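Only the coordinates and a few stated rules stand behind these numbers; no lab work does. Predicted model only: the values in this text are computed from it and were never measured. Cβ placement follows ideal geometry from the backbone for every residue including glycine, while neighbour counts extend to all protein chains displayed.
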Amino acid sequence: MIDCRSEFIQAVKNRLTIMIDAEIVDKVVDAIVLEAVNYEISKPSTELAVYDDDNERMIKSFVACMIVEGRSKNTTKMYMYSLKKFFAYIGNKRYDQVSAFDVRAWLASLKLSGCKNVSVRNQKNNITAFFNWLYNDGIIEKNPCATIRPIKVEQEEKNCFNSEEIDTIRSACANLRERAIVEVLLSSGLRVTELCNLKMSDVDFNSMTVHVKHGKGGKDRITFISPVAKKYVYLYLAQAKHKSEYVFTTNLDGKYTSDGIQRITRNLSKRCGFHVHPHRFRRTLASDLARKGMPIQEIQKLLGHTNLDTTRRYTDTKIEQVQASYRQYIA
């Protein structure tokens, strides 16, 4: 086994020098040198690459189980992405030889590369789901993620659109299709994938009811559109001479993808001068309904949230709303 301790210690020193004072670095390095005497350190062997096929096979089995359990296509794609990145980082160690140190080292590398804590947490959750599955099914004897502590994420305040911003967005729409999309998002609380999958047969224009089929988690639910949304969808469909089974289509009558809808909102952002994202419409609807007195359990059902706490985060009262209410009561 090649002794790589000196190389390892120098690499640690170089990395620490970027982050902390040289005097502290020297003390840390001295401590590492003293402890390193008791350990053997070597670089990962390229022989580990033979486990590629085993890891690939196990990842595919895991993803197949997640699909059976009702995980969405986007979720399973993220599992695949995270696991492939993780195994590539640790030199394609076989799944049953992965240690907690491997997981911690990978998470640390993500942080050092500039990833935000929320992204690192999501990557950790994807890896943890895989190893929990292996452990619970008795495929591995020890779960390397069992001792990994949760990653703390600061809760960012998610802003809703105010009435002036909504007026600006409406004015910035370049055509009837964009305006119809905006009005449907604003009044229905649809997720972007649910909007893309919305079929003509899913909408009852008389009752202005929308049947969301196979939403997040494979669940169905009922939501609604406003009279304004109905008006602009009608105008868009008439102008487009619609022939597709889907409500919103591209110029070639093809089904919209999430990227396509997000491209529309990015263009709206440029025209409006502030951030426009599909999910902000959903949050705005929830906040407006809560402010007008709709019970939170009904908002939860409308949005299709499994957890009521998620709905509460959507409907948290912003300080600007508190101030506006305060001014009404205090002269």
### Task
Could you compute the FRET efficiency for Asp53 and Gln10, with r as their C-beta to C-beta distance and R0 at 41 Å, rounded to 0.05?
0.70
### Query
What list do you get for His305, His211 if you sort them by fewest beta carbons within 10 Å?
His211, His305
### Query
How would you rank Ile20, Ile67, going from fewest to most other Cβ atoms within 10 Å of each one's own Cβ?
Ile20, Ile67
### Task
Can you give me the three principal axis dimensions of the stretch 59-185 from its C-alpha atoms, in Å, biggest first?
59, 34, 22
### Message
Quick check on the exposure proxy: order Glu298, Glu141, Glu194 from fewest to most C-beta atoms within 10 angstrom.
### Response
Glu141, Glu298, Glu194
#### Entry: Residue-span extension gain [Tyr135 to Asn122] - 0.36 nm each, minus C-alpha spacing
2.7 nm
### Summary
Given a Förster distance of 30 Å, the FRET efficiency implied by the Cβ-Cβ spacing of Phe274 and Asp30, rounded to the nearest 0.05, works out to 0.05
